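One structure is given here, and the rest of the page talks about it.
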Amino acid sequence: MIDLSLSAPQQEVRDKFRSFADRHIIPARMHHDRDSSFPFEIMNKAWDEGIFNSPIPEQYGGSGCSFTESALASEELGAGCVGMGITIDTHTLACLPILLSGSQSCRTSLFGQIMKRRMIGAFCLTEPDAGSDIGNLKTTAERKGGSYILNGRKRFITNGEIAGFHTVFAKTDSSAGARGISIFFVPAGVAGVKIVSRMDKMGQRAAVQNEIEYENVEIPQEYLIGTEGGGFKTAMKTFNRTRISIAALALGNARAAWEYAGNWASRRIQFGKPVTVNQGVSFKLADMRTEIEAARLLIWNAASAIDRNTSEQAMLSSMAKYYATDKAMRITEDAVQVMGGEGYSKEHPVEKMMRDAKLCQIYEGTNEIQKLIISKNMFSRS
Ligand SMILES: Cc1cc2nc3c(=O)[nH]c(=O)nc-3n(C[C@H](O)[C@H](O)[C@H](O)COP(=O)(O)OP(=O)(O)OC[C@H]3O[C@@H](n4cnc5c(N)ncnc54)[C@H](O)[C@@H]3O)c2cc1C
């Protein structure tokens, strides 16, 4: 028998994140969406209450959650506000290369700084000419004595302007393609790091994204994370984990839209009856609920593959990301439709949820790239 019931610790994690979303995120989400203002106060509370750093082991100052528990956490953050959820999950994205590839002394030293100074992280991979094709990075890190000199430009960087540290991907060997990529820990305040601009965007407006320039930034050798040339492999291992979080944020968003639209529709009277007595409405809600359950199973399956260190992690995590985020897009759009004109109004959160859903299909690898990963893995097994 396969038992999918949550254990007591898993329920505890889910309840903790749900309570945080109910108390702090949901009351403030419409305001931050409207103003596109960064929720500093809520993020401070999130750090105080251990909402950041969930999958970082306790020995390094985190909560020591499994990736299954982290997926439960992200679902609750997504049900609150995907913009605030991605701010928190991007910090995890920036920390994971340290955890996955850093030496013992690198982990102790960098997590020591991050936890002591409550540094939120930014993950700096994408560039103007390197989006899906990350092997085409132009940022360079040249060795000079005991340091590296970093030069280049990064685009669409979540948390850029508010981050305490950047996890930067740069070429240490420009002739080696993806095998020339290395990763560096860059404290945000060092000379030569410049925030060029902030992105104005459709959804997830509580989160910030920036273009960042690195001009002759001197980085001590001990801030190299892992080995020279090991950056691409580490990025892929990181994404196997964090794409599950994106899927879970999208799932939470879809669940919240389904709940809101379903409650509204069951009270909306037209032609003398609640609109949910029409199959045109109730079948939509039934499809939405079915797809939410299916997405959750894919997410738990992928997270469990990571926790148990079984095979096919990349494929399962891409399946979860592609399926959950595509379904979340459809579910949030249908939530607007179920509510008619009210759904389109900013008096209700479903139009925000629809705008927020779109981005989950794009970042951390577009869904076209996820299908590429799935098909590549399928054929490499046969
Ligand atoms: C709001 C936001 C936040 C982000 N946050 C971060 C961040 O924190 N850190 C970071 O490093 N990056 C971040 N990104 C970048 C994001 O991961 C990229 O935008 C994404 O990977 C796609 O790259 P691109 O935009 O350059 O699209 P492109 O690579 O230019 O793709 C354009 C289109 O072509 C398709 N395409 C490309 N290649 C193929 C192919 N081989 N087969 C089929 N279709 C293909 C794509 O799916 C897409 O539809 C963020 C982006 C946004 C918009």
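Things worth noting here:
- One chain, two ends: Q104 and K138. Fully extended at 0.36 nm per residue, the span grows by 9.3 nm beyond their Cα-Cα distance.
- Heavy-atom surface analysis with a 1.4 Å probe gives the chain a carbon and sulfur content of 51 percent of its accessible area.
- Net length available on complete extension from K194 to E49 is 49.1 nm, with 0.36 nm assigned per residue and the Cα-Cα distance removed.
- For the chain, the share of DSSP beta bridges that are antiparallel, to the nearest 5, is 85%.
- Of the residues V168, V208, V190, the one that moves most in a GNM of the chain with alpha-carbon contacts below 10 Å is V190.
- Farthest toward positive dipole pole in the chain [+1 Lys/Arg, -1 Asp/Glu at C-beta], among Y223, T108, N151: N151
- Accessible area of the chain divided out per residue, in Å², using a probe of 1.4 angstrom: 44
- Using the Cβ-Cβ distance between S380 and E293 with R0 = 30 Å, the FRET efficiency computed as 1/(1 + (r/R0)^6) comes to roughly 0.50.
- The convex hull built on the alpha-carbon positions of the range 226-296 has an orientation-averaged projected area of 5.8 nm².
- Kirkwood hydrodynamic radius (C-alpha pairs) into Stokes-Einstein, the range 1-100, 37 °C and 0.692 mPa s, D in µm²/s: 234
- Proximity of backbone amide H atoms, modeled 1.01 Å from N, is registered between S197 and E211 at under 5 Å, excluding neighbours fewer than 5 places apart on the same chain.
- Degrees separating the helix 350-360 axis from the principal Cα axis of the chain, which is the longest one: 30
- Table column - 3J(HN,Hα) (Hz), the range 59-67, Karplus curve with 6.51, -1.76, 1.60, x for Gly and Pro: 4, 9, x, x, 8, x, 6, 6, 6
- Of S147, S54, S74, the one that fluctuates the most in a GNM where the chain has Cα springs shorter than 10 Å: S147
- Sequence-separation-based contact order of the chain, relative, with Cα cut under 8 Å and 6+ spacing, percent: 17
- Pairwise FRET efficiency - E213 versus A176, Cβ, R0 = 22 Å, nearest 0.05: 0.35
- With K and R counted +1 and D and E -1, the other residues having a Cβ less than 12 Å from that of A295 yield a net charge of +2.
- Rounded tilt (10° steps) of 82-101 against the dominant C-alpha axis of the chain: 40
- Taking each residue as 0.36 nm, the span from H31 to E12 lengthens on full extension beyond its C-alpha to C-alpha distance by 3.9 nm.
- C-alpha long axis of helix 231-267 to longest principal axis of the chain, angle in °: 20
- Candidates Q337, Q209, Q270: whichever shows maximal mean-square fluctuation once the chain is modelled as a Gaussian network with Cα springs under 10 Å: Q270
- Modelled FRET efficiency - R0 22 Å, R23 with R118, Cβ distances, 0.05 increments: 0.65
- The chain: translational diffusion in µm²/s, Stokes-Einstein, Kirkwood Rh over Cα pairs, 25 °C, 0.890 mPa s: 115
- Its relative contact order, with pairs defined as Cα atoms under 8 Å and 6+ residues apart, puts the range 296-382 at 31 percent.
The values are calculated or read from the model by the stated rules, or taken from the named source; none is laboratory data. None of the values given here were measured: they were computed from a predicted structure. Positions of Cβ are backbone-derived with ideal geometry, glycine not excepted, and every protein chain shown enters the neighbour counts. These area figures cover heavy atoms from the full protein model, side chains too; ligands, DNA and RNA do not enter into them. Shrake-Rupley method; radii C 1.70, N 1.55, O 1.52, S 1.80 Å.
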